[in-house]
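> Right, I'll just put the structure down here and ask away after.
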Amino acid sequence: MAAASTQVAAHRVGDAFDYTIHGSMLQAISARSPLFGAVNQSGTPTELQGSEHVAVQQVSDQDITLNRSGQIVAVVSDKSVKSAGRGLTVVLDNGSIAHDTGNLGGVFLLPLPFLGDKVMNAGADLAVGARWTGKLGTKLYGMTARPKMMYEITAQHLMLGLDVFEIVAEGDAPMKEPVVSNYGESLGYATGVAHVTIRGQYDHVHHRMLSMDVEVRDQLKLTGPHKRSVGTVGDVQHYVLELDPASIAASSTHQDAGTIDAPVTR
């Protein structure tokens, strides 16, 4: 099948994207503490529900400046905490986040690297079966570096009138995170490697993810401030991000300005 190409600017000042966010986090600890002895915590899941509005403020040949606002609700043991925030983010054309202010961060950053013009295969034309390696443009909590990922395009199809590629990416990231028991005792730091899996629906004309399913798993080694503070920590994070249908429809006429040379397969 022929590769796809476009002849239209992917982003314009005033473009806006509204994402919904659903997630869960679970941490299990098996350790020994100098104060409480054995610590065996299966973990209480934290459920997340949120939304984010992203507006393009400025576009140059090198980067995109975004104004962002959002809110998230975290639920643990039937207790909910709601928080809101704002941020200003600069995304380079290679998909890396060069600057971010505010308190949105974390999972809210996940779809932003894919707005870069050259984030996918260094800007080369895309086709089903293409593979390449590259670092994810952002990192999640506990990661000391951006994950190094292997990307693959697994399918191409129409979605709400858009020509979309299905993307699968897997990779690893180094971890170092503080660990606290249910008793409030600091157990030190857990270090190791996390495995990251991403599945997404990528709109290559507008350089954006329409949906993302992200899973992070790790089994870390715990080394505490005392010799007896040792053990393991396991983390499971799962996030689903989706672009609101209204945001997709708002830019549907933008695609008409470009040309797509590739046939679309179903």
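The values are calculated or read from the model by the stated rules, or taken from the named source; none is laboratory data. Here the structure is a predicted model, which means the values were calculated and not measured. Virtual Cβ from ideal backbone geometry, glycine too; neighbours counted across all protein chains shown.
> Mind listing just one residue for me: the one in the stretch 134-183 that is closer than 16 Å to ARG208 by Cα and hydroxyl-bearing (Ser, Thr, Tyr) and, of those, surrounded by the most Cβ atoms within 10 Å (Cβ to Cβ)?
Per the stated criteria, the residue is THR138.
> Quick check on my filter: what residues within the stretch 64-104 are within 19 Å of the chain's Cα centre (by Cα) and of a type in the set (Asp, Glu)?
ASP93, ASP100
> Give the number of residues within the stretch 184-196 that are touching a residue at least 60 places away in the same chain (Cβ under 8 Å) and surrounded by fewer than 19 Cβ atoms within 10 Å (Cβ to Cβ). Spell out how you get there, then give the answer.
First pass over the stretch 184-196, keeping only residues touching a residue at least 60 places away in the same chain (Cβ under 8 Å): 185, 187, 196.
Among the residues that remain, those that are also surrounded by fewer than 19 Cβ atoms within 10 Å (Cβ to Cβ) are: 185.
Matching residues across the stretch 184-196 total 1.
> Against the conditions (1) within 26 Å of PRO178 (Cβ to Cβ); (2) in contact with a Lys or Arg (Cβ under 7 Å, 6 or more places away or on another chain); (3) assigned to a strand (DSSP E or B), where does SER69 fall short? Just the number, please.
In the conditions (1) within 26 Å of PRO178 (Cβ to Cβ); (2) in contact with a Lys or Arg (Cβ under 7 Å, 6 or more places away or on another chain); (3) assigned to a strand (DSSP E or B), SER69 misses (1) alone.
> Residues that are in contact (Cβ under 8 Å) with a residue 60 or more places away in the chain, at positive phi and touching a strand residue (DSSP E or B) at 6+ places or on another chain (Cβ under 8 Å): does the stretch 93-103 have at least one? Show your work before the answer.
Our first condition is that a residue be in contact (Cβ under 8 Å) with a residue 60 or more places away in the chain; within the stretch 93-103, this holds for none.
No: the stretch 93-103 contains no residue that is in contact (Cβ under 8 Å) with a residue 60 or more places away in the chain, at positive phi and touching a strand residue (DSSP E or B) at 6+ places or on another chain (Cβ under 8 Å).
> Are any residues in the stretch 134-176 outside any strand (DSSP E or B) and not hydroxyl-bearing (Ser, Thr, Tyr), and if so, which ones?
LEU136, GLY137, LYS139, LEU140, GLY142, ALA145, ARG146, PRO147, LEU160, GLY161
> Restricting the search to the stretch 72-97, which residues are part of a strand (DSSP E or B) and either small (Gly, Ala, Ser) or surrounded by fewer than 13 Cβ atoms within 10 Å (Cβ to Cβ) (or both)?
ALA74, VAL76, LYS79, SER80, VAL81, LYS82, SER83, ALA84, GLY85, GLY87
> Tell me which residues, restricted to the stretch 98-122, are surrounded by fewer than 20 Cβ atoms within 10 Å (Cβ to Cβ) and of a type in the set (A, V, I, L, M).
Those that are surrounded by fewer than 20 Cβ atoms within 10 Å (Cβ to Cβ) and of a type in the set (A, V, I, L, M): ALA98, ALA122.
> Which condition does VAL128 not pass, out of (1) in a loop (DSSP other than H, G, I, E, B); (2) in contact with a Gly (Cβ under 9 Å, 6 or more places away or on another chain), if it passes all the others?
(2)
> Which residues, counting only those in the stretch 12-60, are polar (S, T, N, Q) and surrounded by 13 or more Cβ atoms within 10 Å (Cβ to Cβ)?
THR20, SER24, GLN27, SER30, SER33, GLN41, THR46, GLN49, SER51, GLN57
> Look through SER80, SER60 and report the one residue that is modelled with pLDDT under 95 and out of contact with any strand residue (DSSP E or B) (no Cβ under 7 Å at 6 or more places or on another chain).
Result: SER60 is the single residue among SER80, SER60 that is modelled with pLDDT under 95 and out of contact with any strand residue (DSSP E or B) (no Cβ under 7 Å at 6 or more places or on another chain).
> If you don't mind, another one. How many of the residues making up the stretch 81-135 are among the β-branched types (Val, Ile, Thr) and over 18 Å from LEU241 (Cβ atoms)?
Adding up the residues that qualify gives 5.
> Could you please find all residues in the stretch 175-202 being among the β-branched types (Val, Ile, Thr) and more than 23 Å from PRO111 (Cα to Cα)?
Selection gives VAL179, VAL180, THR191.
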